[in-house]
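Worksheet: one structure, shown below.
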Amino acid sequence: MNTKEQMIAYLTIVRKEVTRFMRIWVQTLLPSAITQTLYFVIFGKFIGSQIRDIQGISYMSFIVPGLVMMAVMNNAYTNVVSSFFGSKFQRNVEELLVSPTPNWVILAGYVTGGVLRGIVVGVIVFAVSVFFTHPVIAHGGVIILFVIMTAVAFSLGGFLNAIFAKNFDDVSIFQTFLLTPLIYLGGVFYSVHSLPIFWQKISQLNPLLYMINGFRFGFYGFSDVNILISLLILLGFSIVLSVVNLHLLRKGTGLKN
Amino acid sequence: MNAITIRNLTKIYANGTKALKNVDLAVAEGDFFALLGANGAGKTTLIGIVTSLVNKTSGKVHVFNYDLDNEEDKIKAKKTIGIVPQEFNFNIFEKVQDIILTQAGYFGIEWKKAFPQAEMLLKKLGLWEKRNSTARTLSGGMKRRLLIARALIHQPQLLILDEPTAGVDVELRHGMWEYLRELNHNGTTILLTTHYLEEVEQMCRQAAIIKNGEIIHNDKVKHLVQFLEEEIYVVTVKEMRPLDKIKHFNPTIIDDKTIEVELSKKETLNDFIMQLSATGTIVTDIHPKEHRLEKLFLTLLKQ
């Protein structure tokens, strides 16, 4: 396949992915908007009004980046794991496997689909947040960089999950028992500086802390962690997950007998 | 040049099942080749390996001289292959037209360039009116034709059909045979797997018989069917008429709608049906009494 043909194959996968999540928008886009709105109302409005400002900003404003990032992470991950596993389950992944589309194009196509859904939902949640507070944007470039890199990393994670998943329980098990706890403990609702030293150290082992704080830095210009380290962690995750996914695709793990 | 060259191909599944045992096979370019075998004989595994859907354990496979062990060659080989799988494996929630155009995209063909080919195929296969319907609303026969249209969207040099007429009614089956003959006539190499010997006789020039993962016979179809000394056919009629005017055959009336007739190699079913029709009998169905493939297996194994 020449470069043009690879680009056509890539855009075909992306178009299929976007069409899929837009066609079922009630299942893909709406739930996060509703859930995050509830977070804004309950944590931000009801409970947040009783919490003092954090580094000079209201609690409601503080949780906006974390909630947006939570939506981006969940949606990027879910989109890829459900779509790719669905293709495996229905066996229409064979359409791709018999085609000359290189593995890296397959991976890039699915990851782009996940990134786009993550961004669309992230924008919706951010738009909802404007009804509750007025978040400022200190570094727009950092926001864009972190949102894309995080969505890429989580899409790659979703792809890996889909490769190994043998049934629908396997699709949700990783998200339920690992991802969700890590997101909640990644500083969405609090600053790690408010924790005892021991828990601060433990929290620093959570990679999601770096992603959420990097994103928050883009809004307010402060972070619990070093932004450069956050970026390197994200980059490292993406590279490792890409290499592993490509290796598994080449071997046909979970796809070929 | 061979379209497919297979040498010492072995496949052992993780559960220990030896699906293919040192298979050697060559399909010449332009041939209409049948791979005959009962369920579980190894047909689907073999074409799965050729189409890169199944990993082989050992052996070599070349498609139009492209070595499937070489990643660059494999991509080139894939461009030449169209596959019609045994089971429906498209997204049933997608529209018919989208399924075909998406497949074109996977082969690096732009939608606007693929569209005329998609239109031609859908019209040819009687699916044009259904192009905007989702695949789940199609009948079984339409779904089968959709698989064929999808396999042909990139105009492959080699078309592989894995039991394409399984569960397809007689009328549709004949329509599909005609279209496949036309494709082959226009230069497409066809590899067909089936367990219907009749299908092979109708269409193929060369056939290999696979049993328990081994090729037990590989010959021209006309030579292969000669192993069948005589055959008994069951003919279903609309209304029974007197059969005393039928000459050279010895039909047996089974009940008021069923006749059995034994044919030697020298006699043709067509002669018998013509004589039967001359009596005013309307034939509604004809099928061999015994499974001809099984009979052929037994005959070949005895030798």
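Assorted remarks:
- Residues within the range B:66-85 that are assigned to a helix (DSSP H, G or I) and at the interface with chain A (Cβ under 9 Å from one of its Cβ atoms), tallied: 7
- Qualifying residues in the range A:220-257 (those that are out of contact with any helix residue (DSSP H, G or I) (no Cβ under 8 Å at 6 or more places or on another chain) and assigned to a helix (DSSP H, G or I)) - the one farthest from A:GLY186 (Cα to Cα): A:LYS251
- On inspection, B:LEU224 qualifies as modelled with pLDDT of 75 or more, touching a helix residue (DSSP H, G or I) at 6+ places or on another chain (Cβ under 9 Å), under 30 Å from B:LEU9 (Cα atoms) and part of a helix (DSSP H, G or I).
- Among the residues of this structure, B:PHE249 counts as one that is of a type in the set (Phe, Trp, Tyr) and part of a loop (DSSP other than H, G, I, E, B).
- Selection of strands (runs of 3 or more DSSP E) fully inside the range B:1-48 by the criterion of at least 3 residues being farther than 20 Å from B:PRO85 by Cα and without any contact (Cβ under 8 Å) to a residue 60 or more places away in the chain returns B:2-12.
- Residue within the range B:24-44 that is within 12 Å of chain A (Cβ to nearest Cβ) and at pLDDT below 95 present: yes
- Verdict on B:ALA207 being of a type outside the set (Asp, Glu) and within 14 Å of another protein chain (Cβ to nearest Cβ): no
- Residue match in the range A:127-139 (condition: in contact with a Gly (Cβ under 9 Å, 6 or more places away or on another chain), at negative phi and assigned to a helix (DSSP H, G or I)): yes
- Test for A:GLY214: is it buried (at least 22 other Cβ atoms within 10 Å of the Cβ), in a loop (DSSP other than H, G, I, E, B) and in contact (Cβ under 8 Å) with a residue 12 or more places away in the chain: no
- Residue list for the range B:180-196, restricted to those being over 21 Å from B:THR45 (Cβ atoms) and crowded, with 16+ Cβ neighbours inside 10 Å: B:LEU180, B:LEU183, B:ASN184, B:THR188
- Residue match in the range B:262-272 (condition: part of a helix (DSSP H, G or I), at pLDDT 85 or above and not assigned by TED's automatic domain parsing to the domain that holds B:ASP31): yes
- Of the criteria (1) within 11 Å of another protein chain (Cβ to nearest Cβ); (2) surrounded by 18 or more Cβ atoms within 10 Å (Cβ to Cβ); (3) of a type outside the set (Val, Ile, Thr); (4) under 26 Å from B:ARG173 (Cα atoms), which one B:ALA118 fails: (1)
- Of all residues in the range A:80-97, those that are at the interface with another protein chain (Cβ under 8 Å from one of its Cβ atoms) have Cβ atoms under 7 Å from Cβ atoms of residues that are in a helix (DSSP H, G or I), 6 or more apart or on another chain, in A:SER87/A:VAL93; A:GLU95/B:GLN103; A:GLU95/B:TYR106; A:LEU96/A:ILE106; A:LEU96/B:TYR106.
- Looking across the range B:10-23 at every residue that is surrounded by 15 or more Cβ atoms within 10 Å (Cβ to Cβ), within 14 Å of chain A (Cβ to nearest Cβ) and among the hydrophobic types (A, V, I, L, M, F, W, C), the one that is nearest to B:CYS204 (Cα to Cα) is identified as B:LEU20.
- Within the range A:1-49, the set of residues being outside any helix (DSSP H, G or I), modelled with pLDDT of 90 or more and within 13 Å of chain B (Cβ to nearest Cβ) comprises A:ASN2, A:ILE24.
- Taking the range B:160-176 as the range and being modelled with pLDDT under 85 and either in a helix (DSSP H, G or I) or surrounded by 22 or more Cβ atoms within 10 Å (Cβ to Cβ) (or both) as the test, the residues that pass are B:PRO164, B:VAL170, B:GLU171, B:LEU172, B:ARG173, B:HIS174, B:GLY175, B:MET176.
- Scanning the range B:45-65 for residues that are of a type in the set (Lys, Arg) and more than 12 Å from chain A (Cβ to nearest Cβ) gives a single hit, B:LYS60.
The values are calculated or read from the model by the stated rules, or taken from the named source; none is laboratory data. Predicted model, so just to flag it, every value in this text is computed and none were measured. Because the Cβ atoms are built from the backbone with ideal geometry, glycine has one as well, and the counts that use them run over all protein chains shown.
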